[in-house]
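The values are calculated or read from the model by the stated rules, or taken from the named source; none is laboratory data. Remember, it's a predicted structure, so these values are computed and weren't measured experimentally. Cβ: placed from backbone, ideal geometry, glycine included. Neighbour counts: every protein chain shown. Remember, those area values only see protein heavy atoms, side chains included, never the ligands or the DNA or RNA. Shrake-Rupley method; radii C 1.70, N 1.55, O 1.52, S 1.80 Å.
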Amino acid sequence: GLAVLGLLRLAALVEDGARFREVADAVLASHAFVLARAPEAFPTLARAAALAERGFGVAVVVGEDGPAREALAARARALLGPEDGVIVSDGPCPAGIDPHWLLGRETEGDVATAYVCRGHTCSLPITDPSDLAADLPQEPV
C-alpha cells in the first residue's frame, strides 16, 4: 500500500510519471478482488485506490521567499490530505518536478500566490491564507 501511494505521488509530480502510474494501476488491479471483499484488511492499499480514483492534490505556491509565501504554504499543508503535496517556488521549477505544475502560475501583483489543484481542476489565484479553504477544489463524490 505504501509503495503504491508513493508511486501515485511520483507519477503526478515528475515529468515522465506515466510509467509509475502504470505500475501502481497494475498493483491495484491485481488486488482489486481482495480490496472489494475486505478493504479493512488492506487499509493503506485502500487509501491508494481512493487516491488513484480522486486524483492527486497539489498546492503550487509561487513568490519570493518570505512570510507571505510561507503562510500560504503552511495553510495548504494543513488543509490538503496526507497523500497530497505542496510545491513552493520562487522562479524556476524545482529539480525533478514536472514543469507543467508551474506553467502559468504567476504571482498576483508581486504578492505570494497559491494555486490548489485536484487532478486537472485548479483554483483561482489565492493570496490570502484564510481564503485557501474556500477555494480548494472539491473531491468527486
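Annotation: per residue accessible area for the chain equals 56 Å², rounded to a whole number [probe 1.4 Å, protein chains only].
Compactness of the chain was expressed as the Cα radius of gyration divided by 2.2 N^0.38 Å, which yields 1.13.
Summarising the amide proton neighbourhood of Phe56: residues at separation of 5 or more, or on other chains, whose placed amide H is nearer than 5 Å comprise Gly119. Heavy-atom surface analysis with a 1.4 Å probe gives the chain a carbon and sulfur content of 56 percent of its accessible area. Within the chain, DSSP assigns beta bridges of which about 65% are antiparallel (rounded to the nearest 5). Here the stretch 1-59 is described by how far its Cα atoms reach on the three principal axes: 35, 23, 16 Å, from widest to narrowest. Applying a 4.7 Å Cβ-Cβ cutoff to the chain leaves Cys93 as cysteine residues with no disulfide-compatible partner.
In order along the stretch 103-110, phi translates into HN-Hα couplings of 4, x, 8, 10, 6, 8, x, 6 Hz, rounded to whole numbers, per the Karplus curve 6.51 cos²θ - 1.76 cosθ + 1.60 with θ = phi - 60° and x for Gly and Pro.
A straight chain from Leu2 to Asp98 at 0.36 nm per residue would run longer than the Cα-Cα distance by 32.3 nm. Note on the stretch 18-141: with charges restricted to the Cβ of Lys and Arg (+1) and Asp and Glu (-1), its dipole about the Cα centre is near 580 debye.
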